[in-house]
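Since every read-out is calculated from the coordinates, none of them should be taken as a lab result. Just so we're clear, the structure is a prediction, and the values are computed from it rather than from any experiment. Cβ placement follows ideal geometry from the backbone for every residue including glycine, while neighbour counts extend to all protein chains displayed.
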Amino acid sequence: MSNRIYILSGPVRSGKSTSLLNFVANTQNCFGFITPDYFSKKTFFDVYTKAIQRFEVASDYGQNNTAVSIGKFYLRKNVFDYGNQISRHIPDSTKWFIVDEIGPLEIYQKQGFHKLVKKLILRFKDHSSHMNMVFVVRESLTEAFINTYTIDHYEIVNPAYFNPPIYHNVKHFENTLGLILSGGKSKRMGIPKHTLIYKEKSQLDRLLEIGRTIFNTVCISVNHASQVDAAYTPHLVEDINTDGPIAGILAAHQKYPSKNIMVMAIDYPLLNKDMITYLLQFANAKQPVAFFNAFSEYFEPLLSFWPVESLIKLNQYNQRGYQSVSAFLTENNALKIVPSDMSQLINVNTIDIYNKILPYVQTKS
């Protein structure tokens, strides 16, 4: 697959940027940029430096001549300038150069990232490029992109090309326990996090409702200080005598040793059914799969899938005196999956964060 041009094409909102975030999270020697959503606004993410810049802005930026208008969107001019200059410092080790995305601004107006695209394709044509190039182009503009930049050798692919393999093993998921982690002490919050209200429901009731639409069995992991109402007692799994999330995971494994486990922590107000079923697409019997924050390069161990084989290894890891679930995921080559909007990984640990994110949560389905 070396030294090729890939045109990542698909309809609007078909997961093109998300597939590239998944690819970059699990692949070394990538360069360029991806423009994923963050709180439903387009963001500029430098793949190499991991720097994040606000890209999509309010209309008053356009009035100040600091943003470019593209339909109903306004995108910052200085971010386009940054993107056009990014190719000045490409490491020799680079194997993949990603440009997300090319649209009417580049194709018809020769603006936006046009200078960068023109330079990269020239390098490809004169054989001075040592890397694959990926250009994201929506489906309706693919032909115009190819003609505008006179590209002769290319491969058109869809988002699935850059995503990890998808497993469609229904029986595999029927053997999965939905585990809600609610064993934290909520010291920073000051009140039990499972009692926080979103859309007229407690967070615990929300997760139970979501979990029961997916799994045959849903359990709540608590410790004696969790203050979960007695009405939930039939669903409880007591934490074993250790600290942190690993306690709840291993307690559930001890009670259900033949089941895989999908971990859903109480901390994530934007967690929904679509997120869980999306992660489960990539679940397999050989390795844990966890959401991954591409911005911070950090696993979200509290949103993760564990096959039985990995749970056995996690128990052995704990018996050797280790307790960090994040470290286990890293050491055991867990599959990293990035959500469609990184804000979905916002973790609510204080009343201040809760008050700030509540209005946004209320607007989401």
Quiz prompt | Neighbour-count order for Ile156, Ile210, Ile166, fewest beta carbons within 10 angstrom listed first | solution = Ile166, Ile156, Ile210
Quiz item: Is the stretch 5-161 rounded, prolate or oblate when judged by the Cα gyration tensor, a ≥ b ≥ c being the square roots of its eigenvalues, rounded requiring a/c under 1.5 and prolate requiring a/b larger than b/c?
Solution: rounded
Quiz item: Can you put Trp96, Trp306 in order, fewest other beta carbons within 10 Å first?
Solution: Trp96, Trp306
Quiz item: Semi-axes of the stretch 170-363's equivalent ellipsoid from the Cα gyration tensor, sqrt of 5 times each eigenvalue, largest first, rounded to whole Å?
Solution: 24, 19, 17
Quiz item: Spin-label point model (7 Å from Cα, Cβ direction): what's the His153 to Glu297 distance in nm?
Solution: 3.3
Practice problem: Figure the gain on full extension for Ala144 and Lys95 (residue separation times 0.36 nm, minus the Cα-Cα span) and round it to one decimal in nm. | Solution: 15.0 nm
Quiz item: Can you give the convex hull volume per residue for the Cα atoms of the stretch 268-363, as a whole number of Å³?
Solution: 107
Exercise. Using 0.36 nm per residue of separation minus the Cα-Cα distance, give me the extension gain between Ser14 and Lys187 in nm, one decimal.
Key: 58.3 nm
Exercise. Calculate the spin-label point distance for Gln323 paired with Ile351, positioning each point 7 Å from the Cα along the beta-carbon direction, and give it in nanometres.
Key: 2.8
Self-check item: In Hz, Karplus ³J(HN,Hα) per residue of the stretch 309-318 (6.51, -1.76, 1.60; θ = phi - 60°; x = Gly, Pro)
Solution: 4, 6, 5, 4, 5, 5, 5, 5, 4, 5
Exercise. Please work out the ratio of the alpha-carbon Rg of the chain to 2.2 N^0.38 Å and round it to two decimals.
Key: 1.09
Exercise. Express in nm, to one decimal, how much length is gained between Gln316 and Thr242 on full extension, taking 0.36 nm for each residue of separation and deducting their alpha carbon distance.
Key: 25.3 nm
Quiz item: Spin-label point model (7 Å from Cα, Cβ direction): what's the Gln281 to His130 distance in nm?
Solution: 3.5
Quiz item: What FRET efficiency do you get for Arg212 and Gln254 if R0 is 22 Å and r is their Cβ-Cβ distance, rounded to the nearest 0.05?
Solution: 0.45
Quiz item: With a 10 Å Cβ neighbour count serving as the proxy for reagent exposure, in which order, fewest first, do Ser221, Ser310 appear?
Solution: Ser310, Ser221
